[in-house]
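Undergrad: Before I ask anything, here is the structure I am working with.
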Protein chains: 2
Amino acid sequence: MKRGQLATRTGCNIETIRYYEKVGLLPDPPRTEKGYRVYEHKHEQTLRFIIRSRELGFTIEQIRGLLSLVDGGDYTCTEIRDQTEAHLAAVRDRIVDLKKLEATLVETVAACNGGNTPNCPVVDALTKEI
Amino acid sequence: MKRGQLATRTGCNIETIRYYEKVGLLPDPPRTEKGYRVYEHKHEQTLRFIIRSRELGFTIEQIRGLLSLVDGGDYTCTEIRDQTEAHLAAVRDRIVDLKKLEATLVETVAACNGGNTPNCPVVDALTKEI
DNA sequence: CTTGAGCCTGTACTTGCTACAGACTTTATA
DNA sequence: TATAAAGTCTGTAGCAAGTACAGGCTCAAG
């Protein structure tokens with residue numbers, strides 16, 4: 001299968017496949033005589049793993065770690081779970097941050113009288129420190 | 001006041017000040033004979049506005065919009081509030097996304113037996129589509 | 001046999017900064 | 001006053017994580 005087909009099958013942008021190869025997530029595929037990349041089922045599996053991990057918010061570096069564990073074949077369930085849990089904690093932190101931000105924005109908007117005057121408490125709020 | 005002092009007073013990275021000037025958020029300050037930037041109180045106010053807006057998650061482009069309204073002097077409370085509300089909606093969307101992600105990660109981790117075997121449901125989950 | 005689609009490479013662009021290098025100026029210390 | 005240290009100047013390169021070309025080949029269909 002060539003690059004375009006792999007892109008279609010996985011829903012991945014065709015250029016992104018090349019990018020994942022460049023940064024070492026996706027192994028260099030064999031080539032035809034004329035230099036065309038030829039992908040096997042294994043590549044598709046790995047690419048799906050990468051795409052899914054990205055959707056779950058893992059960084060490229062984290063995925064590199066996960067892949068080396070998995071591809072090494074000697075990973076343990078505990079190792080993978082630990083990394084996933086660490087990531088879960090990071091996601092939860094981010095949610096907490098965003099909720100604080102949400103509260104601040106709600107407060108800011110609530111302070112607005114909604115009039116047509118150039119006297120806006122939102123602007124005032126923006127110039128204040130936290 | 002010179003750039004370093006403005007950085008210290010606002011807590012902004014010194015290079016970031018130059019960056020905000022480059023992208024047109026912070027007006028070009030007057031210079032000394034030898035070319036050193038000289039900032040007035042107005043610059044500090046604007047910089048604080050930018051910093052605060054960034055903390056609230058506004059993009060550079062959005063801040064450019066807010067500043068042009070504010071600096072134009074003819075903004076209305078409604079205009080500013082509308083933009084802030086739009087941003088609030090975006091923040092809420094992001095929270096919803098992250099919560100979905102959190103649920104998926106919790107589910108994934110829960111599927112793990114925590115053993116020392118190389119048989120990991122997390123890895124399986126990662127290769128599946130959504 | 002020609003046309004268009006697909007693939008190849010390298011490079012530039014994005015966002016929001018941050019971090020240098022190398023030259024210059026200002027300030028503090030001996 | 002001389003010199004050292006700290007500050008500032010410019011331009012440029014780097015980060016994540018892709019995306020989007022340009023210009024050249026190659027492959028398949030009509």
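Undergrad: Of all residues in region A:1-17, count the ones that are in a helix (DSSP H, G or I) and near DNA strand D (Cβ under 7 Å from one of its atoms).
TA: 2
Undergrad: Now for a separate question. Looking at (1) modelled with pLDDT under 95; (2) within 12 Å of DNA strand D (Cβ to nearest atom), find the lone condition where B:Val38 falls short.
TA: Every condition holds for B:Val38 apart from (1).
Undergrad: Working only within region B:80-104, note down all residues that are acidic (Asp, Glu), at the interface with chain A (Cβ under 7 Å from one of its Cβ atoms) and either farther than 17 Å from A:Ala89 by Cα or within 19 Å of the chain's Cα centre (by Cα) (or both).
TA: B:Glu85
Undergrad: If you check B:Glu107, B:Glu21, which single one turns out to be within 19 Å of the chain's Cα centre (by Cα) and of a type in the set (Asp, Glu)?
TA: After applying the criteria, what remains is B:Glu21.
Undergrad: Looking only at residues that are in contact (Cβ under 8 Å) with a residue 12 or more places away in the chain and surrounded by 12 or more Cβ atoms within 10 Å (Cβ to Cβ) in region B:6-20, which one is farthest from DNA strand C (Cβ to nearest atom)?
TA: Among those residues, the one meeting the criterion is B:Arg9.
Undergrad: Looking at region B:23-33, is at least one residue in the same structural domain as B:Lys2 (by TED's automatic domain parsing), assigned to a loop (DSSP other than H, G, I, E, B), over 24 Å from A:Asp97 (Cβ atoms) and within 7 Å of DNA strand C (Cβ to nearest atom)?
TA: Within region B:23-33, one or more residues are in the same structural domain as B:Lys2 (by TED's automatic domain parsing), assigned to a loop (DSSP other than H, G, I, E, B), over 24 Å from A:Asp97 (Cβ atoms) and within 7 Å of DNA strand C (Cβ to nearest atom).
Undergrad: Mind checking which residues of region B:42-74 are outside any helix (DSSP H, G or I) and at the interface with chain A (Cβ under 10 Å from one of its Cβ atoms)?
TA: B:Leu56, B:Gly57, B:Phe58, B:Gly73, B:Asp74
Undergrad: If A:Ala103 passes every condition in (1) within 25 Å of B:Glu79 (Cβ to Cβ); (2) modelled with pLDDT of 85 or more; (3) in contact with a Lys or Arg (Cβ under 6 Å, 6 or more places away or on another chain) but one, which one does it miss?
TA: (3)
Undergrad: Every residue in region A:41-54 that is away from DNA strand D (no atom under 14 Å from the Cβ), free of Cβ contacts under 8 Å to residues at least 24 places away in the same chain and not polar (S, T, N, Q), please.
TA: Residues satisfying the conditions are A:His41, A:Lys42.
The values are calculated or read from the model by the stated rules, or taken from the named source; none is laboratory data. Here the structure is a predicted model, which is why all the values come from computation and not from measurement. Cβ sites come from the backbone with ideal geometry, for glycine too, and all protein chains shown count toward neighbours.
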